[in-house]
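Heads up: the structure comes next, in structure tokens.
Readers should treat all values here as calculations from the given coordinates under stated rules, not as data from a laboratory. Predicted, not measured: the structure shown is a model, and the values here were computed from it. Ideal geometry is used to build each Cβ from the backbone, glycine not excepted, and the neighbour counts take in all protein chains shown.
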Amino acid sequence: MTTQNTDILIIGAGLAGLSAANDLQQAGYKVLVVDKGRGLGGRLAGRRIGEATFDHGAQFMTARETRFKAAVAGWIAAGVAEEWYSSYPGQPNGHPRYRGVPTMTGIAKHLAIGLEILRATRVDRISQQGNEWHASLDNGETVTAKKLLITSPVPQTLDLLNEGNIQIPQDKQARLDRIDYESCIAVMAVLDGPTSIEAPGAIALEDGPIAWISDNLQKGVSKIPAVTIHGSGAFSAKHIDEDRVDIGQQLIDAAKPYLGDAKVTEYQVHGWRYSKPTILDDAPCMLLSESTDLPPLALAGDAFAGPRFEGAVQSGWAAAKTLMDADE
Ligand SMILES: Cc1cc2nc3c(=O)[nH]c(=O)nc-3n(C[C@H](O)[C@H](O)[C@H](O)COP(=O)(O)OP(=O)(O)OC[C@H]3O[C@@H](n4cnc5c(N)ncnc54)[C@H](O)[C@@H]3O)c2cc1C
């Protein structure tokens with residue numbers, strides 16, 4: 001059995017994990033990121049069906065805070081992001097919406113440059129061994145680390161902590177138990193012709209089973225007509241454990257008024273059980289090891305600094321700083 005040693009182990013190569021990893025590595029720490037997914041970016045997800053390409057997780061980002069705005073400007077300069085739109089029919093001008101180039105995952109791939117990342121590798125168990133963390137990976141390897149950052153959705157993080165018999169202070173346990181997420185059923189449908197969706201190629205809906213439809217051809221993501229349909233929180237919660245083909249068809253039927261004369265030739269469905277947090281913690285990250293005998297352990301992700309792309313990045317940055325300051 002192989003054992004790797006690192007200063008800081010980060011579970012999750014989503015936005016929070018990658019953002020933290022960059023700051024920590026730049027500060028001189030040896031960092032290892034492990035993600036169970038084959039791709040990078042977590043909920044920044046893309047998929048191909050034949051010639052069609054889809055953003056099927058996060059669709060865009062907005063930028064409000066100074067450091068994040070500077071990061072977006074850097075990604076635009078690097079060619080991995082661009083402004084998509086700032087208003088669409090029926091909606092007044094709002095914050096600019098930025099998209100990843102060529103897809104949303106382009107930004108995650110950019111953030112991953114120069115980092116040591118184990119992909120398609122799940123952390124099955126974590127345990128405290130003296131003043132270190134041990135993580136057992138599903139490939140049979142073990143990682144030992146002086147400090148640990150976990151960025152999975154909080155219910156999954158709690159499972160990992162429980163299975164490792166990690167004692168959580170009661171006040172922090174109560175804060176973590178409060179956090180909640182909505183689900184999202186995402187349909188990726190290939191079309192035989194263009195949609196009737198007006199520029200910029202996206203519609204947010206208030207009522208009914210659909211929350212969002214995005215035309216990946218107009219967006220510049222796909223070479224051929226292809227739509228992403230996101231079920232509403234209520235619809236997705238009700239149907240997430242049902243047959244995906246049937247549920248996908250229901251959402252496609254509901255999307256028909258927006259598809260013009262185009263017919264769906266093929267579709268796939270993905271269920272995001274933890275899509276966006278609906279109840280968040282007040283702090284930008286959580287130092288779980290504070291006032292305990294645990295080696296430094298922090299939690300980060302969009303459930304801490306804001307239920308969106310920008311929040312996940314800011315939470316990662318906050319956790320990096322917290323871990324730098326935490327005594328070993
Ligand atoms: C359908 C959908 C639409 C959205 N639309 C938008 C939008 O338009 N704009 C916006 O700003 N935000 C949007 N969001 C939210 C945005 O995607 C998230 O806020 C952000 O990506 C969260 O990043 P994160 O790093 O906190 O978590 P994640 O991206 O979930 O990263 C966590 C990572 O941890 C990994 N992981 C978990 N457990 C383990 C384990 N045991 N071992 C190894 N790896 C593990 C996962 O594979 C994952 O990659 C959307 C989300 C979804 C799902």
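A few notes on this one:
- Backbone phi angles across segment 138-143, fed through the Karplus curve with coefficients 6.51, -1.76 and 1.60 (θ = phi - 60°), yield HN-Hα couplings of 6, 8, x, 7, 10, 10 Hz in residue order; Gly and Pro are listed as x.
- Rounded, prolate or oblate (a/c below 1.5 giving rounded, otherwise prolate when a/b exceeds b/c) for segment 53-211 by Cα gyration tensor: prolate
- Formal net charge of residues neighbouring Val72 (Cβ-Cβ distance under 12 Å; K, R +1; D, E -1): +1
- Estimated vicinal HN-Hα couplings, Hz - segment 196-205 in sequence order (Karplus 6.51, -1.76, 1.60; Gly, Pro = x): 9, 6, 6, 4, x, x, 8, 9, 9, 10
- Sequence-ordered 3J(HN,Hα) estimates for segment 120-134 from the Karplus curve with 6.51, -1.76 and 1.60 and θ = phi - 60° stand at 6, 9, 9, 7, 7, 8, 10, 8, 8, 10, x, 9, 10, 9, 10 Hz, glycine and proline given as x.
- Computed from label points 7 Å out along Cα-Cβ, the spacing between Glu198 and Thr278 is 3.1 nm.
- If you bin all the Cα-Cα distances of the chain at 20 Å, starting from zero, the percentages per bin are 32, 55, 13, 0.
- Taking the number of Cβ atoms within 10 Å of each Cβ as an exposure proxy, the fewest-first ranking of Leu24, Leu288, Leu280 is Leu280, Leu288, Leu24.
- Helix screen, the chain: DSSP H segments with Cα axial length of 24 Å or more and mean Kyte-Doolittle hydropathy at least -1.0 are 309-325.
- The relative contact order of segment 181-278 comes to 47 percent, based on Cα pairs under 8 Å that sit 6 or more residues apart.
- Pairs of Lys in the chain closer than 21 Å at Cα, counting only those 8 or more apart or on different chains: 20
- Ellipsoid semi-axes in whole angstrom, largest first, where each is sqrt(5λ) of the Cα gyration tensor of segment 181-278: 22, 14, 12
- Mean residue ellipticity, 222 nm, helices only, the chain: the sum of -39500 (n - 2.57) across DSSP H runs of n ≥ 4, divided by residue count and rounded to 500, is -8000 deg cm²/dmol.
- The DSSP beta bridges internal to the chain are antiparallel in roughly 75% of cases.
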